[in-house]
1. For segment 17-29, which residues satisfy the criterion of being free of Cβ contacts under 8 Å to residues at least 24 places away in the same chain, open to solvent by 50 Å² or more (accessible area, probe 1.4 Å) and part of a helix (DSSP H, G or I)?
2. Of the residues that sit in segment 71-92 and are assigned to a loop (DSSP other than H, G, I, E, B) and open to solvent by less than 80 Å² (accessible area, probe 1.4 Å), which one is farthest from Thr8 (Cα to Cα)?
3. The conditions are (1) part of a helix (DSSP H, G or I); (2) out of contact with any Pro (no Cβ under 8 Å at 6 or more places or on another chain); (3) open to solvent by 80 Å² or more (accessible area, probe 1.4 Å), and Arg10 fails exactly one of them. Which is it?
4. In segment 30-58, how many residues are part of a helix (DSSP H, G or I) and either of a type in the set (Phe, Trp, Tyr) or open to solvent by 100 Å² or more (accessible area, probe 1.4 Å) (or both)?
5. So the check is Cβ under 7 Å with 6+ separation or different chains; which pairs have a first residue in segment 1-16 that's over 12 Å from Met28 (Cβ atoms) and a second one that's exposed (fewer than 10 other Cβ atoms within 10 Å of the Cβ) and at pLDDT 80 or above?
6. Quick one: in segment 8-38, which of the residues that are touching a Lys or Arg at 6+ places or on another chain (Cβ under 6 Å) and of a type outside the set (A, V, I, L, M) is modelled with the highest pLDDT?
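The values are calculated or read from the model by the stated rules, or taken from the named source; none is laboratory data. Nothing here was measured: the structure is a model prediction, and the numbers come from that model. In this analysis, Cβ positions are derived from the backbone assuming ideal geometry, glycine residues included, and neighbour counts consider all displayed protein chains. Quick note on the areas: whole protein, heavy atoms, side chains included, nothing else; ligands and nucleic acids left out. Shrake-Rupley method; radii C 1.70, N 1.55, O 1.52, S 1.80 Å.
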Amino acid sequence: GTLNIFPTPRTRCTMTTSYMYSFVRHPMYFALLLFCIGYCIEEITLFRAVSCAGLLLTLDIKRRYEEQLLIERFPDYLNYMAKTKAIIPYIY
């Protein structure tokens, strides 16, 4: 598959729950947050901290919208949500 920045599921997509998806439902969002946290730790400033918090908020809003679409598309997605954290493995 190719990268898709839009949260709408593609026409011929399938639900994946293995590999990295067994730890977190949105591994790409997690990777972005790891990068942002590294950026903040490299030089701690108010701007960087606010930017990281803003990114987390934006990703969480996008995640909620995307998951509503996935629930409609894949009835088993609710069970997957119950077993797997959203963005940060073992935490959130």
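1. If we filter segment 17-29 for residues that are free of Cβ contacts under 8 Å to residues at least 24 places away in the same chain, which is where we start, we get 18-20, 27-28.
Okay, now just the ones that are also open to solvent by 50 Å² or more (accessible area, probe 1.4 Å), so 18-20, 28.
Tyr19, Met20, Met28 - these are the residues of segment 17-29 that are free of Cβ contacts under 8 Å to residues at least 24 places away in the same chain, open to solvent by 50 Å² or more (accessible area, probe 1.4 Å) and part of a helix (DSSP H, G or I).
2. Taking segment 71-92 and keeping what is assigned to a loop (DSSP other than H, G, I, E, B), we get 74-76, 84, 86-92.
Filter once more, so that each one left must be open to solvent by less than 80 Å² (accessible area, probe 1.4 Å): 74, 84, 86-89.
On the way: Phe74: 13, Thr84: 20, Ala86: 17, Ile87: 18, Ile88: 21, Pro89: 23 Å.
That would be Pro89.
3. Tallying (1) part of a helix (DSSP H, G or I); (2) out of contact with any Pro (no Cβ under 8 Å at 6 or more places or on another chain); (3) open to solvent by 80 Å² or more (accessible area, probe 1.4 Å), Arg10 fails exactly one: (1).
4. The first filter runs over segment 30-58 and keeps only residues part of a helix (DSSP H, G or I), leaving 30-42, 46-58.
Next, only the ones that are either of a type in the set (Phe, Trp, Tyr) or open to solvent by 100 Å² or more (accessible area, probe 1.4 Å) (or both) stay: 30, 35, 39, 41-42, 46-47, 57.
Within segment 30-58, residues that are part of a helix (DSSP H, G or I) and either of a type in the set (Phe, Trp, Tyr) or open to solvent by 100 Å² or more (accessible area, probe 1.4 Å) (or both) number 8.
5. Matching pairs, first to second residue: none at all.
6. Narrowing segment 8-38 to residues touching a Lys or Arg at 6+ places or on another chain (Cβ under 6 Å): 9, 24, 26.
Now drop any that are not of a type outside the set (A, V, I, L, M), which leaves 9, 26.
Details: Pro9: 78, His26: 94.
Once the filter is applied, the top-ranked residue is His26.
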